[in-house]
Each structure stands twice: as C-alpha cells, then as structure tokens.
Amino acid sequence: MSDQVKAEGEATEVDAIVIGSGFAGLYSIHKLRNVDGLSVQAFENAGDVGGTWYWNQYPGARSDTEVNAYCYSFDKELFHEWKWSERYPRQEEIWSYLKHVADRYDLRRSIQFDTQVESATWDDETDRWTVTTDDGRSWRAQFLIEAVGLLSATKVPTFAGQDRFRGDIHHTARWPHEGVDLTDKRVGVIGTGSSGVQVISELGDKVGELTVFQRTPQWVVPSKHRPIEPGLLDRIEKDYEGYWHDVLYSTTAFGFEESDVAAEDVPYEERIKRFEEQYERGGGFQYMFQAFNDVAVSRVANAAATEVIARKIRETVKDPVTANLLIPSDLYAKRPLCCDNYYETYNRDNVELVDVQHNPIVEFTEKGIRTEDGTEHELDVVILATGFDAVSGNQLKIQHSGRGGVSLHDHWKHRPRTHLGLMAHGFPNLYMIYGPMGPFTNQPPLHEAQVNWVAGTIKHVRDHDLGSIEPTAEAEEAWIAESDEGAAGTLFAVTNSWINGSNIPGKPIINMFYMGGSAAYMDKMEAEEKSEYRENFTLGHAPVPA
Ligand code: N01
C-alpha cells in the first residue's frame with residue numbers, strides 16, 4: 001500500500017497511527033511503513049524526534065546502558081556505519097543517532113511534530129480508531145500504536161510559595177534546549193534518583209554552590225565510564241544475529257553476561273569479594289545481575305551487595321555525617337543506577353547535602369527554599385530531578401474510549417491492565433509499546449521485538465480480513481496474575497519507587513512489570529504468534545476461526 005493518506009469525511013484516514021517518535025515510535029514507523037507497506041501517520045508532542053533523548057537535556061544526561069545494547073539491531077548497515085564514541089553515550093550523541101535514523105529511513109515525512117494526541121475513540125462498526133489532536137484535527141486508522149514512553153510524563157511537585165521564588169525552576173526532563181547558564185550560580189537540586197545523581201555529579205565543579213535536597217538516598221555504584229572496548233563492535237558484527245539473539249534471550253537484555261551463581265550458595269567472604277570486584281568494573285545493572293543472580297530476590301544477596309556499597313560510601317565521603325546520610329536504609333531494589341564521581345562530589349566545599357526526610361522543605365521563598373529547621377537556602381536556580389508518573393502516566397493522558405465506550409481510565413481504575421504489556425481487553429487494535437506489565441529490561445531491543453510482534457498481528461488481521469484483534473478478559477487476567485506472582489517474589493515489590501507507582505501520591509501502589517526476564521517474555525510473544533493468536537485473543541467479531 002502507498003504511503004498516501006485518503007480523506008474520508010472530516011477525518012483523514014491511514015492504516016496505522018503511531019504516537020511518539022523515540023526509539024520505539026521511530027522503529028514502528030519504519031517497520032509498518034517502509035517494510036510492511038502500510039500508510040502511517042505519526043504524532044509527536046515534542047518539536048523533533050528523540051523521545052526521552054529530546055526532553056532530557058539536563059547537564060550530565062547520558063545512558064547507563066552500554067551502547068552496544070542501547071541501539072537498534074534491525075539494520076546491520078546502520079549498526080556498522082554509526083560510530084559511537086563512548087561506552088555510555090551522552091544525551092547529545094544518542095539524540096544525534098535518533099535524528100540520523102529518522103533521516104536515514106525518511107521517517108520525518110510521516111511525523112507531525114508539536115502535536116498532542118488528545119483522544120482515541122474506537123468504532124466497532126468500522127473497526128477504526130478516531131484520533132483527535134490538539135490542532136483540532138481528526139484522524140482515522142485501523143491500528144493505533146502508542147510508543148509514548150515509560151518514563152516521560154513528568155512528576156512536578158508543587159511546594160508552598162513556589163510562585164514567589166525569583167529564581168528559575170527547571171525539571172530535568174523538560175530542560176530548556178537553549179541551555180541554562182549555571183556558571184557561578186547557587187543551584188539547588190531536589191531529588192536523588194538517576195536524574196538527580198547525574199546532574200549532581202556533573203555540576204559540582206561547574207556551579208558556585210550546589211545544595212542537594214535529599215529525601216531518600218539511593219544505592220549508587222560507579223559506571224567506570226571508559227571508551228568502548230576496542231574491537232567489541234567489530235566482534236558483534238561478525239556474529240550479528242547471534243549477538244542480538246543472546247541479548248534478547250537473557251534476563252535483562254543489557255548485552256552483558258549474567259551470572260548463574262546465587263550469592264546465597266557461596267560463603268560470605270566469596271560474596272563480598274565478588275561484589276567488590278563488580279563494583280570496580282562499574283555499571284548498575286551489572287552490579288545487580290552480573291556478580292550473582294539473586295540480588296533482586298534474596299535478602300542475603302541483597303545485604304551483601306549493599307554492605308559493599310555502604311563501605312565504599314564511607315571510604316569516599318570524608319565527612320562521616322554526610323556519608324551516613326548518603327547511605328540508604330532500604331533494600332537495593334529500585335532500578336539500579338550508576339554514575340561516576342557521585343559520592344566524591346560531596347567532598348567539595350561548595351556542595352551541601354540537606355536531609356529533607358528529617359528536615360522537610362517547608363516552602364519556597366523569594367530567595368530560595370526554607371526547610372523545617374528555619375534555614376533559608378538562598379538559590380538562583382532550582383532543579384527538580386523529581387522523576388516521572390511512570391509506565392501508565394502518558395497512556396492515561398490520552399482519553400481512550402474503547403469497545404462499548406469504556407474508557408481506559410475506567411478499565412485501569414484499580415490498576416493498569418494489559419496482556420503482555422502490549423494490549424488491553426476492550427481496546428481492539430490498540431498497542432502500547434512497553435505498556436504496563438511489560439518486561440523489566442533494557443528497552444531498545446525489546447521495543448524492536450514488541451514492534452515486530454505488533455506488525456505480525458497487524459499482518460494477520462489484514463491478511464485474513466479479520467478487522468480487529470484484542471486480548472480476551474481471561475488472558476488479561478492471567479497475564480496480570482502471572483506478572484504479579486513473579487514480581488511478588490522479588491524485592492522490588494517491597495521497595496518504594498516508580499516501579500510500583502509509589503512515587504505518585506494517589507496512584508495505586510501495584511506491580512507494573514513482568515519480571516520473568518527478557519527470554520521468557522520473548523517465548524510468550526512467540527507462543528502467541530505460533531498459535532496464530534487463537535489462545536488468548538478475540539479476532540474480529542466472529543468466533544476465533546477453527
Ligand atoms: O526519578 P526517580 P529519576 N520532595 O523517581 C525525589 C530513568 N533514567 O528521574 O525517593 C523531595 O528515580 C525522590 O525522592 P523519594 C531510570 O529508569 C535513566 O531520577 O520519593 N524529593 C527521588 O529522590 C530511572 O530509574 C537515566 O523520597 C522528591 C527523586 O526525586 C528513572 O528514569 C537517567 C519529591 C526522583 O527519583 C527515574 O529516574 C535518568 C518531593 N516532593 C533517568 N518528589 C539513565 O539512563 C520526588 N522527589 C542514566
């Protein structure tokens with residue numbers, strides 16, 4: 001089919017609508033339009049492609065996944081021709097890569113930028129979604145692919161008196177593209193997750209004064225950033241399919257060898273020794289999954305992992321009071337993070353750590369931030385590194401009306417509900433790339449795998465003229481039960497973070513991931529495909545063909 005759109009009534013009709021143009025959205029457009037020949041219209045609320053890497057231009061932003069697994073795999077030529085310069089590339093480099101991909105595969109002509117999709121309404125008679133955008137237009141398509149980002153809807157807390165602050169306030173994930181001159185400024189950072197840790201480590205020696213408002217410390221290991229291992233990318237090219245197969249058929253899809261040894265099965269001294277060695281090699285997911293295989297499930301393994309990090313914090317941070325404040329009291333069971341120079345930053349004379357767990361922020365003043373002890377911290381700029389309404393946040397910004405007029409808000413009132421983290425019962429032909437109860441893994445390889453699976457279902461529906469595909473209520477229920485059971489066996493389930501929604505006041509605190517690992521997840525998708533979607537889906541209005 002051609003790439004042209006055809007007008008029908010007031011809405012413009014295409015085969016598929018894609019929302020988002022980050023890693024997943026760009027590949028969706030390429031796969032459906034360039035490879036499978038569908039007409040595709042994409043919408044992007046940003047001014048350019050890039051998704052996360054468009055928005056997160058804060059100082060110090062970089063990937064904490066090694067780049068050999070943080071890129072596309074679908075085209076070996078692309079892999080060969082793009083020369084990454086760093087093991088953990090900076091935001092600028094990843095954004096350039098995604099812009100290059102958009103140009104190389106001529107994707108921009110299908111994307112309308114600066115456009116927010118406001119609603120999506122399913123029509124059972126015609127098997128079409130009608131999508132409205134904030135420019136007042138309507139679009140129709142049989143298939144709707146939402147690649148709206150797992151960590152994209154920002155969490156922006158409002159503090160008393162915030163409006164009267166005379167300085168500037170910037171969220172890390174909405175960082176001004178023209179940059180912010182922080183030279184010699186008095187800068188406050190609220191939040192010490194991945195974003196905060198990166199920004200703090202970057203700014204220590206660049207600003208006048210840095211005040212870190214920490215509510216909950218996180219376990220940080222160094223990334224041990226270094227150039228890409230010489231010859232690594234060439235070696236990957238020599239067995240390209242084998243390499244990507246191994247990435248996908250691992251637990252985390254991070255592209256490193258994962259341990260098959262349980263820390264619980266080795267003596268204490270051996271446990272500590274291995275974590276010490278792993279700490280020196282650097283990398284957050286590596287620290288959690290490369291030394292041993294039970295850090296996320298065993299309290300014994302977890303305690304050994306944190307014992308080593310706590311010791312390193314004490315060795316690194318000269319002031320013992322500050323060191324103690326930086327040592328978490330909870331488990332090592334948030335999304336593991338890594339950053340060089342983080343704890344060292346607190347040894348600088350111009351850096352102050354304020355413990356807002358025990359001495360909370362009371363208000364913003366004209367000059368800065370006042371904490372409960374009465375101290376007014378004078379600031380020129382406040383950086384909110386306060387994170388995201390993760391996983392379901394962006395999906396719920398769109399007003400979905402599914403079969404029978406049921407809204408996604410209602411369907412997800414008590415919790416997000418999906419089958420495979422991809423589709424929801426009552427919402428035919430709607431695909432959520434990396435939606436709730438999707439796999440807890442490195443994302444780009446799984447984005448591709450999910451989009452390929454989606455394309456397979458679309459082909460099946462079109463080839464058999466079925467009109468629509470949708471998971472059954474039973475399949476959705478079973479997937480939630482399986483995901484919850486798997487997650488309940490992990491320590492993530494008992495640790496507060498965005499992973500279970502506990503960072504957003506009022507959001508249901510509930511499992512939002514399939515924790516069975518990438519390989520098991522791939523098997524699940526393949527099984528659906530092999531059964532021609534007969535087991536867990538309703539195909540069209542008719543009973544599933546025998
Ligand atoms: O967000 P977070 P993030 N008052 O939710 C604090 C990915 N990512 O943007 O824990 C005071 O982890 C909050 O404190 P608390 C990655 O997957 C990747 O840093 O709620 N503090 C916490 O310290 C990551 O896991 C990369 O007590 C408040 C912080 O803000 C995910 O994004 C880089 C507060 C939020 O931490 C999210 O990371 C960046 C308040 N009212 C992000 N509200 C890389 O690849 C929140 N906080 C490297």
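Readers should treat all values here as calculations from the given coordinates under stated rules, not as data from a laboratory. From a predicted model like this one, the values you see are computed outputs, not experimental measurements. Glycine also receives a Cβ, built like all others from the backbone with ideal geometry; neighbour counts cover every protein chain displayed.
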*Can you list, bin by bin at 20 Å, the percent of alpha carbon pairs in the chain, starting at 0?*
21, 54, 23, 1
*Using alpha carbons only: equivalent-ellipsoid semi-axes of segment 54-107, gyration tensor based, whole Å*: 19, 14, 8
*G438's amide H: which non-local residues (gap 5+, or another chain) put their own amide H closer than 5 Å, with H modeled 1.01 Å from N in plane and none for Pro or chain starts?*
Y514
*Report the extension gain between L232 and R314 in nm, rounded to one decimal, defined as 0.36 nm multiplied by the number of residues separating them, less their alpha carbon distance.*
26.0 nm
_Amide H within-cut-off set for H171, under 5 Å, with H built and near neighbours excluded_ = L384
*Alpha-carbon centroids, segment 338-373 and segment 79-93: separation in whole Å*: 33 Å
*Okay, which of segment 306-329 sit inside 13 Å, backbone N to the point 7 Å along the Cα-Cβ direction of N496?*
329
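Using the Cα centre of segment 285-411 as the reference point, and only Cβ charges (+1 on K/R, -1 on D/E), how large is the resulting charge dipole? Debye, rounded to the nearest 20. Present the calculation step by step, with values, prior to reporting the outcome.
On the way: 12 positive and 19 negative charges, 153 e Å.
With Lys and Arg at +1 and Asp and Glu at -1, about 740 debye.
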_For a Förster distance of 25 Å, can you work out the FRET efficiency between the beta-carbons of R534 and H245, rounded to the nearest 0.05?_
0.40
_From the P(r) of segment 427-488, could you give the percentage of C-alpha pairs in the tail past 17 Å?_
51 percent
*How much length, in nm to one decimal, is gained on full extension between T126 and D373, taken as 0.36 nm per residue of separation minus their Cα-Cα distance?*
82.6 nm
*Report the label-to-label distance for H170 and R104 in nanometres (one decimal), using points 7 Å from each Cα along the Cα→Cβ vector.*
3.0 nm
*Give the Rg (one decimal place) followed by the Dmax (whole number) of segment 186-384, computed from C-alpha coordinates and expressed in Å.*
19.3, 63
*asked:* Rounded to whole Å, give me the distance from the Cα center of segment 8-60 to that of segment 381-395.
replied: 22 Å
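Can you figure out the FRET efficiency of D75 with E178, using R₀ = 35 Å and their beta-carbon distance, to the nearest 0.05?
On the way: r = 33 Å, r/R0 = 0.95.
Between D75 and E178 the formula returns 0.55.
Could you list H447, H100, H377 in order of exposure, starting from the residue whose Cβ has the fewest other Cβ atoms within 10 Å? Mind dumping the intermediate values first?
Numbers: H447 23, H100 14, H377 19.
Going from least to most buried by this count: H100, H377, H447.
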*Out of segment 203-304, which chymotrypsin sites (Phe, Trp or Tyr not before Pro) are coil in DSSP terms and have no more than 16 other C-beta atoms within 10 Å?*
Y249
*What is the mean projected area of the alpha carbon convex hull for segment 9-95, to one decimal in square nanometres?*
6.8 nm²
*Helical mean residue ellipticity (222 nm; -39500 (n - 2.57) per DSSP H run of 4+; nearest 500) of the chain*: -8500 deg cm²/dmol
*In Å, descending, principal axis extents of the Cα set of segment 278-417*: 63, 50, 23
*Compute the FRET efficiency between D410 and E352 as 1/(1 + (r/R0)^6), taking r as their Cβ-Cβ distance and R0 = 35 Å, and round to the nearest 0.05.*
0.15
*Please figure out what share of the DSSP beta bridges in the chain is antiparallel and state it in percent, rounded to the nearest 5.*
40 percent
*Using only Cα atoms, tell me the angle between helix 91-104 and the longest principal axis of the chain; keep it within 0 to 90° and round to the nearest 10.*
20 degrees
_Sparsely packed trypsin sites (Lys or Arg not before Pro) within segment 77-170, loop by DSSP, other Cβ within 10 Å at most 15_ = K83, R137, R166
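What trypsin sites (Lys or Arg not before Pro) does segment 174-277 have in DSSP loop regions with at most 15 other beta carbons within 10 Å? Walk me through the numbers on the way to the answer.
Details: sites: R174, K185, R186, K206, R215, K224, R235, K238, R271, K273, R274; in loops: K185, K206, R215, K224.
Answer by residue number: K206, R215, K224.
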*Using modelled amide H (1.01 Å from N, peptide plane; none on Pro or chain starts), what sits under 5 Å from the amide H of T12, excluding residues fewer than 5 places away?*
S138, W139, R140
*From the phi of every residue in segment 256-265, what ³J(HN,Hα) in whole Hz does the Karplus formula 6.51 cos²θ - 1.76 cosθ + 1.60 yield, where θ is phi - 60° and glycine or proline is x?*
10, 6, 8, 6, 10, 10, 8, 4, 4, 8
*Once the Cα atoms of helix 518-530 and of the chain are each reduced to a long axis, what angle between those two axes, in degrees from 0 to 90 to the nearest 10, is obtained?*
0 degrees
